[in-house]
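The values are calculated or read from the model by the stated rules, or taken from the named source; none is laboratory data. These numbers were taken from a predicted model, which means no experiment stands behind them. Methodologically, a virtual Cβ is constructed for each residue, glycine included, from the backbone with ideal geometry; neighbour enumeration extends over all protein chains shown. These area figures cover heavy atoms from the full protein model, side chains too; ligands, DNA and RNA do not enter into them. Shrake-Rupley method; radii C 1.70, N 1.55, O 1.52, S 1.80 Å.
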Amino acid sequence: MSSSFVSKAANQIKRKLNIKPKAERKEIEKKKAEKKPEHPVDSTSLSDKILELAVQGNSMANTGRYEEAVALFTEAIKYDPKEYRLFGNRSYCYERLQQYSRALSDAHTALTLNPSWPKGYFRKARALAGVKKYAEAIEAFQQVLEIDDSCEDAEFELLQIQTKLMMERGFTQQQCEETLKLYGSFEQALEALSSSAQKAGSSHVGSGSSTCLSDGDDKDFVRVKKHSTQNKHKDKAPVPLPAQQPCKLFPIWIGNVTTRISEDSLRVMFESVGAIHSVRMLQDRFCAFINFTTKEGAERAIAELQGMELEGTKLVIRYPDNSYRTLGGAARGGSAH
């Protein structure tokens with residue numbers, strides 16, 4: 001039997017038995033030797049690492065270094081993405097950085113992981129207030145107090161947001177705070193103030209005078225000029241053109257005019273009750289003035305459109321008086337920072 005026959009037979013047996021050639025076996029063994037053995041993760045050391053990052057993050061946040069704190073909490077979350085308190089802490093830092101959408105996202109995540117965590121609702125409420133969703137922020141603060149009725153921070157924040165939301169409807173800070181203390185409920189306090197405003201507006205009907213709005217020298221506010229029917233012929237200067245004669249218009253004041261409400265949308269709504277001469281928007285003071293050409297149009301606007309919803313907010317309507325200056329200043333001075 002020849003040696004070549006024996007060699008071929010041996011190779012066939014190796015292939016059938018999946019036996020690697022000697023040189024190939026040595027290469028595989030060499031790679032195995034070079035490969036470092038894997039050790040199981042030590043849960044204790046991992047917990048220590050997370051705790052270390054969290055402590056450092058808290059330290060950064062306490063000194064106002066919120067961006068660095070965010071980076072540390074983000075690193076800790078990589079090690080333990082189910083620790084709700086890490087998301088709550090990062091939400092706080094985002095809120096301080098005025099990154100309210102991210103703060104709200106982290107608050108939602110924290111509450112998903114622990115739906116009964118009061119601080120999670122507190123963080124959610126603060127983020128909602130940051131994006132000016134005051135009605136939702138009120139609900140979140142109320143949820144905090146349902147879980148922990150001793151949370152003084154939530155009580156204080158709730159009062160601030162409720163006052164701000166009511167001031168958007170044209171009321172002064174003093175009116176809002178006193179009414180909230182009296183009624184205890186935001187809905188009841190708002191209803192009481194709205195009813196009071198409507199009654200005050202009705203008292204102007206049939207007063208024997210007409211009013212018109214003009215810009216005058218004061219560019220911040222619309223002036224309200226009253227023309228008494230008893231003295232309308234006194235000191236009347238000659239007017240060369242009919243178009244320059246004093247206007248006889250019937251203005252109304254509209255509160256809760258947010259930036260989402262446009263002049264066109266106001267016109268469309270109020271033209272349904274009477275002919276409009278002009279519209280003046282004061283959105284930085286959350287209000288507007290509309291001049292009707294007839295007394296009936298102004299009366300119908302107050303009677304029929306009071307409390308109507310436009311772009312997600314309910315309008316408050318009344319006749320203008322000197323209080324619009326106070327209201328404008330209060331709305332501006334009461335804004336949050």
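Filter segment 127-141 for residues that are small (G, A, S), closer than 17 Å to T313 by Cα and surrounded by 20 or more Cβ atoms within 10 Å (Cβ to Cβ) and give the result. Residues satisfying the conditions are A129, A137.
Mind checking which helices (runs of 4 or more DSSP H) fall wholly inside segment 216-334 and carry at least 1 residues that are surrounded by fewer than 18 Cβ atoms within 10 Å (Cβ to Cβ) and modelled with pLDDT of 55 or more?
Once the helices (runs of 4 or more DSSP H) in segment 216-334 are filtered for at least 1 residues that are surrounded by fewer than 18 Cβ atoms within 10 Å (Cβ to Cβ) and modelled with pLDDT of 55 or more, what remains is 263-270, 295-305.
Looking at Q198, Q175, which one is modelled with pLDDT under 75, outside any strand (DSSP E or B) and buried (at least 16 other Cβ atoms within 10 Å of the Cβ)? Exactly one residue qualifies, and that residue is Q198. For segment 77-117, give me each residue that is under 26 Å from S47 (Cβ atoms) and of a type in the set (D, E, K, R). Hits for segment 77-117 are K78, D80, K82, E83, R85, R90, D106.
Quick check: anything in segment 130-140 more than 21 Å from F286 (Cβ to Cβ) and out of contact with any His (no Cβ under 8 Å at 6 or more places or on another chain)? The answer is yes, given that some residue of segment 130-140 is more than 21 Å from F286 (Cβ to Cβ) and out of contact with any His (no Cβ under 8 Å at 6 or more places or on another chain).
Can you name the residue in segment 143-163 that is out of contact with any Pro (no Cβ under 9 Å at 6 or more places or on another chain) and open to solvent by less than 70 Å² (accessible area, probe 1.4 Å) and is also farthest from T179 (Cα to Cα) among such residues? Out of the qualifying residues, it is E157.
The single condition from (1) at pLDDT below 95; (2) open to solvent by 60 Å² or more (accessible area, probe 1.4 Å) that M166 fails is (2). Could you please let me know if R85 is in contact with a Ser or Thr (Cβ under 8 Å, 6 or more places away or on another chain), of a type outside the set (A, V, I, L, M) and either open to solvent by 60 Å² or more (accessible area, probe 1.4 Å) or under 27 Å from Q160 (Cα atoms) (or both)? When the stated conditions are applied, R85 does not pass them.
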